[in-house]
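**Q** The structure's right below; bear with me while I get my questions together.
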Amino acid sequence: MSTVSVLGVRHHGPGSARALRRELERLRPDAILVEGPPEADALVPLAPDLEPPVALLAHVPGAPAKAAFWPFAEFSPEWQAILYGVAAGVPVRFCDLAAAHSLADEAEGEEEAEAGGDGLRTDPIGALAAAAGHDDPERWWEDVVEHRGDTPFEAIAEAMAAVREGHEPTGREARREAYMRRTLRAAIKEGFGTIAVVCGAWHVPALTGPLPPASADNALLRGMPRVKAELTWVPWTYGRLASWSGYGAGITSPGWYHHLFAAPDRPVERWLTEAAAVLREEGLPVSSAHVIESVRLAATLAGLRGRPLAGLGEVTEAARAVLCEGDDLAVELIQRRMVVGDRLGHVTDGTPMVPLQRDLREQRRRLKLRPEALDRELDLDLRKPLDLERSHLLHRLRMLEVGWGTPGQARGKGTFRESWTLQWRPEHDLALIEHAALGTTVAAAAAQRARDLAGAASAALADLTALVELCLLADLPKALPGVLAALSAKAALDTDVTHLMAALPAMVRAHRYGDVRGTSAEGLAVIVRSMLDRICVGLPVAVTALDDDAAAGLLKHVDAVHAAVALLAEPAAEAADDAAGDGGAAGEGASPRGRWLGTLRGIADRPDLHGLIEGRLTRLLLDCGELDDAGDRMSRAMSRGQTPVRAAAWVEGFLSGGGLLLVHDPRLLGLVDAWLTALPADQFTDVLPLLRRTFGGFAAPERRAVGERVSAAGRTGDPGGAAEPDVDERRAAGAVATVLAITGRDRG
């Protein structure tokens, strides 16, 4: 005759975990059933070699959206049950609904992933706390369960039975409990003498007492959809376990719960001592006296609130008042480092992995890149072989949608530097599994991914140029020819000049990276030149009949292409090309820069341009030394024959990017000032928003310098001159005489 003990716990409860371990040592069961997917039974023997937090990952091959995680921390009761069973040689089996059923329906799979397998229709802890007269369910549960030396499993079972009255589960919840009972019946049928069932406290009433007929459960489970699911262990993080990170069955303070489990003796004193050490590491003056007083304050607060032990709220308030002296930034540091924590789990080489995961693990070791849960800044010097290989790996992972590294703004000058922010998340393992069919190594899989993206019929021109850039950054020479061929074919068929303009900057960067990194990019220069030629032919047509929004949109493309063209050739080589092309003419032999500037010059002379476009082209040509009549052009743009709105648009285009030109060119400043002061009140009101937008984009020192110039012009009549100070000669006479006497010049 089998004896069944159903032990109801709270997921990730440190008090429940300690009490469960003691109860198992007392019961010495012959079999242990744990809430979780039964397909993971074969993975149980690996648990002692893993470093929590870890999670069971269930996924459907070829269906990325159908995946679910079951996380475990060291203080999770289920994890302690697994460790006890493996150490004692007791069979441990998972008894929840199979992942093959949970993931069969996408909606249910998402629910599983978000709720961690516990999609309750009522809050049992909240109901019990309310019955006990408490308005904080979490604090009540900690006081009566987690802070106790033992967990009253029988009392919890009775309490949950009372809560469930009138709240019998339906739908998926009912099927889960039916599957648990089926697994329990199978264990009884096998002849195990003592069986321990470890499950969420809510399910205890469904598994105790006389079980319903097996036929009823079988009928409930009959006809459930099923898919092929694969399971493995993956690292987890405390940040991911915290409820604020999106995991619905998580806890807000995993670091605190880990501490309660690991330090049952004097946990408050140890916690505040560790908090003081964290603050001292940041250079904050915290003494032993601070710790003693903060411990006293935490105990006093707990006593005033009727709590058996100071909880997280009390120790946080004590730390804020004493250790941090009211500094919220210091409190936030404790919150991030200790309350949540930066712990990242680890799985062993014996854990089932796809070849792609194993290759990444080997490369991480070789390149000395350690996955971490918190953000880590990494600066790379691409002239160093190790850093160059690290860059290649991170870019290849980006190709595979594994966002371990996020590129940032490189510190210092030079294209040989890269800056990354690294943070490992559990979802990255899932992304590697999803792309496992592309290749057995990261390089091979990334190259195949690039080919697949290039071959997609829906790939836009800008997408292909970005793909070329990424292929060069990731050093994927085998994929590059196919991507370049797809790009060339797409560029030849795309007649929209704005598409070409949007795509060109990425192509130019790719060409530049190929040079800096020593990556061969044969054919890239030819494609860049061809695209630029098409842009130069199509741009004069594209600038015709534009409204305000279209002009602003096109101007962004013009600026981007102008900046890109500046990267295409070194000055010496460009000068030689310009000479061969007759000094920057737009002919066949012109350099890219000469071809582009010739196109802009031809457009800038047209009378039908939008004011914004004309003003901006004038400024670009002036900055490049291609114009010597910018003042005349501004005079025409601001003459009485032009509407104030068009003149304001011209000024906006001309001055976009900075106002230093007005500071250093008195004539241009005088033209703008004279035009503006001559506007009637109603016309000034019309152009004010445009002018405010223009001058609001200037840096504060530029605005101040322009204002000083205008102020000086108001006193002297010269917009670029400095104002002569007003001098009272009678009052100054005494000072002048003194200065002359000192210098000896009064004698002559």
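**Q** For the subset of region 273-293 comprising residues that are under 32 Å from the mean Cα position of the chain (by Cα) and outside any loop (DSSP other than H, G, I, E, B), which member is surrounded by the fewest Cβ atoms within 10 Å (Cβ to Cβ)? It would help to see each step written out before you state the result.
**A** Of the residues in region 273-293, the ones under 32 Å from the mean Cα position of the chain (by Cα) are 274-284.
Pick out the ones that are also outside any loop (DSSP other than H, G, I, E, B) and you get 274-281.
Numbers: E274: 16, A275: 27, A276: 21, A277: 12, V278: 18, L279: 22, R280: 13, E281: 10.
Out of the qualifying residues, it is E281.
**Q** Taking the conditions exactly as written (open to solvent by 30 Å² or more (accessible area, probe 1.4 Å) and more than 13 Å from L473 (Cβ to Cβ)), does R396 satisfy them or not?
**A** Values: open to solvent by 30 Å² or more (accessible area, probe 1.4 Å): yes; more than 13 Å from L473 (Cβ to Cβ): no.
Criteria not met by R396.
**Q** Something else: Can you run down the residue pairs with Cβ atoms below 7 Å, 6 or more apart or on separate chains, where the first is in region 305-321 and in contact (Cβ under 8 Å) with a residue 60 or more places away in the chain and the partner is open to solvent by 60 Å² or more (accessible area, probe 1.4 Å)?
**A** G311/R139
**Q** Which of the residues belonging to region 1-41 are in contact with a helix residue (DSSP H, G or I) (Cβ under 7 Å, 6 or more places away or on another chain) and free of Cβ contacts under 8 Å to residues at least 24 places away in the same chain?
**A** none
**Q** In region 610-719, which helices (runs of 4 or more DSSP H) lie fully inside it and hold 2 or more residues that are of a type in the set (K, R) and open to solvent by 70 Å² or more (accessible area, probe 1.4 Å)?
**A** Numbers: elements: 611-623, 630-637, 644-655, 660-664, 666-677, 681-696, 700-716.
Passing ranges, in order: 681-696, 700-716.
**Q** Exactly one of these conditions fails for L211: (1) buried (at least 16 other Cβ atoms within 10 Å of the Cβ); (2) part of a helix (DSSP H, G or I); (3) over 43 Å from the mean Cα position of the chain (by Cα). Give me its number.
**A** (2)
Residue-wise test of (1) farther than 24 Å from R343 by Cβ; (2) open to solvent by 10 Å² or more (accessible area, probe 1.4 Å); (3) not aromatic (F, W, Y).
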| site | (1), (2), (3) |
| --- | --- |
| L7 | yes, no, yes |
| V34 | no, no, yes |
| L46 | no, yes, yes |
| G62 | yes, yes, yes |
| D96 | yes, no, yes |
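**Q** For region 487-496, name all the residues that are part of a helix (DSSP H, G or I) and either surrounded by fewer than 20 Cβ atoms within 10 Å (Cβ to Cβ) or in contact with a Lys or Arg (Cβ under 7 Å, 6 or more places away or on another chain) (or both).
**A** S488, A489, K490, A492, L493
**Q** Among (1) at pLDDT below 85; (2) open to solvent by less than 10 Å² (accessible area, probe 1.4 Å), where does A474 come up short?
**A** (1)
**Q** Based on this model, can you work out whether E469 counts as acidic (D, E), surrounded by 20 or more Cβ atoms within 10 Å (Cβ to Cβ) and over 22 Å from W596 (Cβ atoms)?
**A** Working: acidic (D, E): yes; surrounded by 20 or more Cβ atoms within 10 Å (Cβ to Cβ): yes; over 22 Å from W596 (Cβ atoms): no.
No, not satisfied.
**Q** Within the group D379, D359, which residue is touching a strand residue (DSSP E or B) at 6+ places or on another chain (Cβ under 8 Å) and either in contact (Cβ under 8 Å) with a residue 40 or more places away in the chain or surrounded by 20 or more Cβ atoms within 10 Å (Cβ to Cβ) (or both)?
**A** On inspection, the qualifying residue turns out to be D379.
**Q** Anything in region 322-335 that is touching a residue at least 40 places away in the same chain (Cβ under 8 Å) and of a type in the set (V, I, T)? List them, or say none.
**A** I334
**Q** Same structure, new question: Does any residue of region 240-250 turn out to be open to solvent by less than 40 Å² (accessible area, probe 1.4 Å), part of a helix (DSSP H, G or I) and modelled with pLDDT of 85 or more?
**A** no
Table: residues versus (1) touching an Asp or Glu at 6+ places or on another chain (Cβ under 7 Å); (2) surrounded by 17 or more Cβ atoms within 10 Å (Cβ to Cβ); (3) in contact (Cβ under 8 Å) with a residue 24 or more places away in the chain.
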| position | (1), (2), (3) |
| --- | --- |
| G133 | no, no, no |
| W141 | no, yes, yes |
| V144 | no, yes, no |
| E154 | no, no, no |
| A159 | no, yes, yes |
| R181 | yes, yes, yes |
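The values are calculated or read from the model by the stated rules, or taken from the named source; none is laboratory data. This structure is a prediction, so every number in the text was calculated from the model and none was measured. When we count neighbours, we look across all protein chains shown, and the Cβ atoms used for this are built from the backbone with ideal geometry, even at glycine. Side chains included, ligands, DNA and RNA excluded: accessible areas come from the protein's heavy atoms. Shrake-Rupley method; radii C 1.70, N 1.55, O 1.52, S 1.80 Å.
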